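Reviewing the structure listed below.
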Amino acid sequence: MPEETTGGIVPAAPRLSASWHRSETYGVSLDAVSPAFSGSVDDESLFYRCGHEVLEGLQTGLSGEPVSLMLTDADGIVLSRVCRERPLARSLDRSYLAPGFAFSEREAGTNGLGLALADRVPSLVRGDQHYCSQLHGYTCAAAPVLDPLDGALLGSINLTTWSERSAGLLLALAQTAAGHTAALMLARSRGATPRPTPRGEVFHVHDRPHAPDPSARMSAAWRGALLEVQDALTAGACVGVVGEPGVGKTALLASALRQVRPRGRVLHARPPAARDTAAWLGLWSPELRKHDTSVIAGRVDELPSWAADELAGIVRGGAQQALSLTAPDPSAVPEPLARLLDVVVEVPPLRHRSADVMPLAEHFAERTHRTVRFTPAAARALRTFSWPGNAEQLFRTVRDAASRSTVIDVRHLPPEMLSSSPTTLTRIEALERDEIVRCLAEHGMSVTETADTLGLSRATTYRRISRYGISVPRS
């Protein structure tokens with residue numbers, strides 16, 4: 001297989017070799033592609049609409065150039081193709097590089113978009129670097145598109161041209177288009193704040209001295225999951241804990257590990273941006289060989305494929321009992337790591353464990369090093385909220401409220417906790433809701449006083465309270 005350089009994006013030759021190996025493992029033909037056809041694509045999603053708009057705009061600037069621009073989903077299914085060059089379009093049709101067909105590594109072997117999705121970094125594959133000879137006539141540059149809110153892999157932007165032409169700025173254009181797609185999605189998601197770039201943290205998990213463990217006061221669902229993990233770890237099993245983001249997967253594993261190995265260290269490794277993965281993995285993977293150290297590899301679904309392969313190889317080398325994993329669901333665990341798991345335990349979301357809200361809130365309050373209590377009204381508001389961000393959101397809420405008062409009342413809680421609007425609010429609507437809640441809860445105003453303060457009629461204020469589902473519990 002030929003060598004490749006990608007202008008310093010990521011060392012490419014090892015990634016290509018690993019991709020070829022995976023393609024062989026998947027049983028992909030070396031001679032002809034035979035991708036699955038989905039029959040239809042989702043052209044109503046925000047991702048599709050923003051991605052297709054970006055491709056249309058980019059195509060305008062490439063007028064006369066033999067370049068095809070494609071949008072794919074996270075499974076490699078081509079959602080949209082923009083190509084004004086008829087000979088190239090006809091050739092792509094013969095190779096099935098068209099909407100509805102899947103071009104992941106599993107389907108078509110090593111190719112630009114498949115590699116970008118597998119490793120979650122921009123990728124360039126030229127000519128005979130493709131695994132299947134039917135694709136040797138193309139050069140493909142692709143960049144992954146990540147959700148600007150939670151970092152989930154949405155799909156890829158792929159630019160394809162003839163292999164004899166210079167790749168030129170293809171890879172840079174693919175990266176730019178991917179970035180513009182994520183930015184456009186963010187702009188149209190009504191002012192939400194983007195997710196910070198992952199930093200790749202490795203840290204020692206430990207309790208504050210003498211801090212009580214809240215597990216004894218937690219619900220049967222939490223205690224049952226904790227006991228199941230403890231039993232599996234005691235038996236020497238490799239354990240995966242799955243559940244929604246922020247639900248407490250790492251906390252559950254850390255608590256179980258402290259019970260099973262009370263004298264051992266517990267390290268938690270969270271993945272960085274894909275291009276920094278090699279240094280991050282080299283930093284903590286030697287700890288897997290230490291008898292007194294257990295490692296929790298968090299969010300393994302975000303690992304590039306090559307990193308999952310390497311980590312699985314390290315574990316197979318004798319460190320299996322020292323590694324535990326977390327992921328959103330079992331299907332998200334990369335295949336090499338999924339084969340190592342003996343037990344998978346799911347943590348239910350906090351909205352299904354309302355009995356856990358106050359024990360957790362009180363535990364988080366203790367961590368502020370202040371004597372904090374909750375009024376009955378605040379406790380009711382906390383228990384009845386849906387907690388889409390799970391325990392992480394509860395922790396932030398308690399921390400912020402405790403910074404304002406040692407007696408937490410409803411006026412110290414975020415406005416959205418006192419609203420149950422069934423629809424997504426615009427930024428203006430959210431601001432209006434927050435101001436009404438602030439007047440009613442924080443300042444204890446009546447509806448008439450709130451209306452006067454905000455310059456609204458009393459009737460309009462009542463309509464807004466009803467529309468936004470505002471309910472202010474009284475202490």
Is it fair to say S331 is polar (S, T, N, Q) and touching a residue at least 24 places away in the same chain (Cβ under 8 Å)? no
Could you go through region 301-313 and let me know if any residue there is assigned to a strand (DSSP E or B), in contact with a Lys or Arg (Cβ under 6 Å, 6 or more places away or on another chain) and crowded, with 17+ Cβ neighbours inside 10 Å. no
Quick one: would you say A273 is outside the structural domain of E105 (by TED's automatic domain parsing) and over 17 Å from the mean Cα position of the chain (by Cα)? no
Among (1) touching a strand residue (DSSP E or B) at 6+ places or on another chain (Cβ under 9 Å); (2) modelled with pLDDT under 90, where does D329 come up short? (2)
Search result, residues across region 168-197 that are surrounded by fewer than 18 Cβ atoms within 10 Å (Cβ to Cβ) and either modelled with pLDDT of 85 or more or in contact with a strand residue (DSSP E or B) (Cβ under 6 Å, 6 or more places away or on another chain) (or both): T176, G179, A183
Within region 351-376, take every residue that is outside any helix (DSSP H, G or I) and touching a residue at least 40 places away in the same chain (Cβ under 8 Å) and give me the one that is surrounded by the most Cβ atoms within 10 Å (Cβ to Cβ). R353
Enumerate the pairs (first residue in region 445-458 and touching a residue at least 60 places away in the same chain (Cβ under 8 Å); second residue anywhere and assigned to a loop (DSSP other than H, G, I, E, B)) with beta-carbon separation below 8 Å, excluding pairs fewer than 6 apart on the same chain, so at least 6 apart or on different chains. none
Condition check: outside any helix (DSSP H, G or I) and either at pLDDT 95 or above or closer than 22 Å to G61 by Cα (or both). Does R84 satisfy that? yes
Are any residues in region 116-131 over 12 Å from S23 (Cβ atoms) and not in a loop (DSSP other than H, G, I, E, B), and if so, which ones? A116, L117, D119, S123, L124, R126, G127, D128
Here are some residues: G236, G246. Which one is buried (at least 18 other Cβ atoms within 10 Å of the Cβ), touching a helix residue (DSSP H, G or I) at 6+ places or on another chain (Cβ under 6 Å), assigned to a loop (DSSP other than H, G, I, E, B) and not hydrophobic (A, V, I, L, M, F, W, C)? G246
Of those in region 274-300 that are of a type in the set (D, E) and in a helix (DSSP H, G or I), the residue farthest from C238 (Cα to Cα) is D276
Among the residues of region 399-455, write down those that are of a type in the set (A, V, I, L, M), modelled with pLDDT of 85 or more and within 30 Å of L186 (Cβ to Cβ). A401, L413
Return yes or no: is D207 acidic (D, E), out of contact with any Pro (no Cβ under 6 Å at 6 or more places or on another chain) and at pLDDT below 65? yes
Look at S305 and say whether it is under 25 Å from A225 (Cβ atoms) and polar (S, T, N, Q). no
Scan of region 126-141 for residues that are surrounded by 23 or more Cβ atoms within 10 Å (Cβ to Cβ) and either closer than 21 Å to P87 by Cα or free of Cβ contacts under 8 Å to residues at least 12 places away in the same chain (or both), ordered by number: H130, L135, Y138, T139, C140, A141
Test for T25: is it assigned by TED's automatic domain parsing to the domain that holds N158, within 22 Å of E310 (Cα to Cα) and part of a loop (DSSP other than H, G, I, E, B): no
Is one or more of the residues making up region 87-109 within 22 Å of L16 (Cβ to Cβ) and under 20 Å from the mean Cα position of the chain (by Cα)? yes
Are any residues in region 377-411 outside any helix (DSSP H, G or I) and charged (D, E, K, R), and if so, which ones? R404, D409
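The values are calculated or read from the model by the stated rules, or taken from the named source; none is laboratory data. Note that the structure is a prediction, hence the values are computed from the model and not measured. Ideal geometry is used to build each Cβ from the backbone, glycine not excepted, and the neighbour counts take in all protein chains shown.
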